[in-house]
Amino acid sequence: MSESVVIEVDNGVGIVTLNRPQQHNAFDDVLVGELTVALQGMEADPGVRVIVISSSGESFCAGADLKWMRRAAAYSEQENVRDAKTMANLFNTLNQLPKPTVARVQGPAYGGGVGLVACCDIAIATFDAQFAFSEVRLGIIPGVIAPYVIAAIGERRARRYMLSGERFSASEAYRIGLLHEIVPSDEELDNAIGEVVDDLLAGGPQAHDQCKSLIRAVTGKPVTDQLIEETSRRIARARAGEEGREGIAAFLENRRPWWFAGQ
């Protein structure tokens, strides 16, 4: 790892920090590769139960580094596709993580930076954070982040902000569903992140994995006999599983389940 990504693991929480503050944490090929590897490492680490995506400096992430984009413009079509797929793999990796993910947004997020926010399960920002899909103003499109952004804010709102490229505030991002919470300061941001992390650590690790899988399985699908059968089987497996039995027993015995150990 270079200094583009900083990794910390503390008491079940993995913190992945984008660390290119002088470039406003903009993506280049090195950052994309290292961030993908960092997320995969967090997924594989049994000591990590919750993952926080953070950034150093004044900006959360300014999107793609224009110097990198300029180099990419000279690539062949095949090279460009391969380059774009590498970035698409980053967002898919973050979106598909079986562990809860939290975005700590302390400053502006543009383009791919908004994609990171949309891919996280929970997103909290300061009041002064700003957002934009500025791609069209550069003559390009927000291609690889589109599925995650549209899932977060809906098609209608995506049409406005992806087409206009305009900046919008944290309060607007909260209103349209990109953010779950907004707070006045960095100190209160850390407090809010700490509170939601504590709530997440109270849940069973297997239950988190199964819950995220459940959400993906039922989203956008009509309630049919087949879906009823599928969801019934999922809850039955969870109740009969080791973690389900432990959680119910702990509740009835007025004690904490095993996954609270060390919390």
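The values are calculated or read from the model by the stated rules, or taken from the named source; none is laboratory data. Since the structure is predicted, the reported quantities are computational estimates derived from the model, not experimental observations. Neighbour counts are summed over all protein chains in view; Cβ atoms, including those assigned to glycine, are modelled from backbone coordinates with ideal geometry.
Taken together, ALA158, ALA152, ALA129, ALA103 contain a single residue that is of a type outside the set (Phe, Trp, Tyr), in contact with a helix residue (DSSP H, G or I) (Cβ under 7 Å, 6 or more places away or on another chain), under 19 Å from VAL50 (Cα atoms) and modelled with pLDDT of 95 or more, which is ALA103. In the set (1) assigned to a helix (DSSP H, G or I); (2) in the same structural domain as VAL114 (by TED's automatic domain parsing), ILE182 fails one condition alone, (1). Only residues that are out of contact with any Lys or Arg (no Cβ under 9 Å at 6 or more places or on another chain) and free of Cβ contacts under 8 Å to residues at least 24 places away in the same chain were counted across segment 90-121, and they come to 1.
For segment 120-127, does any single residue satisfy the condition of being aromatic (Phe, Trp, Tyr) and crowded, with 23+ Cβ neighbours inside 10 Å? For segment 120-127, residues aromatic (Phe, Trp, Tyr) and crowded, with 23+ Cβ neighbours inside 10 Å: absent.
Test ILE153 against the stated conditions and say whether it is buried (at least 19 other Cβ atoms within 10 Å of the Cβ) and more than 20 Å from CYS211 (Cβ to Cβ). When the stated conditions are applied, ILE153 passes them.
Of everything in segment 60-78, what is among the small types (Gly, Ala, Ser) and either outside the structural domain of GLY12 (by TED's automatic domain parsing) or touching a helix residue (DSSP H, G or I) at 6+ places or on another chain (Cβ under 8 Å) (or both)? Give them in sequence order.
ALA62, GLY63, ALA64, ALA72
Residue count for segment 59-103 satisfying the condition of being within 19 Å of GLN23 (Cβ to Cβ), in contact with a strand residue (DSSP E or B) (Cβ under 8 Å, 6 or more places away or on another chain) and not aliphatic (A, V, I, L, M): 6.
Quick one: count up the residues across segment 122-161 that are touching a strand residue (DSSP E or B) at 6+ places or on another chain (Cβ under 7 Å) and in contact (Cβ under 8 Å) with a residue 40 or more places away in the chain.
Summing the residues that are touching a strand residue (DSSP E or B) at 6+ places or on another chain (Cβ under 7 Å) and in contact (Cβ under 8 Å) with a residue 40 or more places away in the chain in segment 122-161 gives 10.
Okay, residues lined up against (1) surrounded by fewer than 19 Cβ atoms within 10 Å (Cβ to Cβ); (2) over 13 Å from the mean Cα position of the chain (by Cα); (3) closer than 24 Å to VAL136 by Cβ:
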site	(1), (2), (3)
ILE53	no, no, no
SER59	no, yes, yes
ARG70	yes, yes, yes
VAL81	yes, yes, yes
LYS85	yes, yes, yes
ALA88	yes, yes, yes
ASN92	yes, no, yes
PRO98	yes, no, no
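Once segment 204-225 is narrowed to residues that are of a type in the set (S, T, N, Q) and surrounded by 10 or more Cβ atoms within 10 Å (Cβ to Cβ), the residue that is nearest to LEU94 (Cα to Cα) is SER213. Figure legend. Inter-residue proximity from segment 74-89: first residues assigned to a helix (DSSP H, G or I), second residues surrounded by 13 or more Cβ atoms within 10 Å (Cβ to Cβ) and not aliphatic (A, V, I, L, M), beta-carbon distance below 8 Å, spacing 6+ or different chains. Indicated pairs: ASP83/ASP29; ASP83/TYR75; THR86/ASP29; THR86/GLY33; THR86/THR36; MET87/PHE27; MET87/GLY112; ASN89/THR36. With respect to GLY139, determine if the residue is surrounded by fewer than 18 Cβ atoms within 10 Å (Cβ to Cβ), on the phi > 0 side of the Ramachandran plot and modelled with pLDDT under 95. In short, yes.
Restricting ALA238, ALA250, ALA207, ALA217 to those that are free of Cβ contacts under 8 Å to residues at least 12 places away in the same chain and among the small types (Gly, Ala, Ser) reduces the list to ALA250. When VAL81, VAL105 are screened for being closer than 22 Å to VAL183 by Cβ and not assigned by TED's automatic domain parsing to the domain that holds LEU214, only VAL105 passes.
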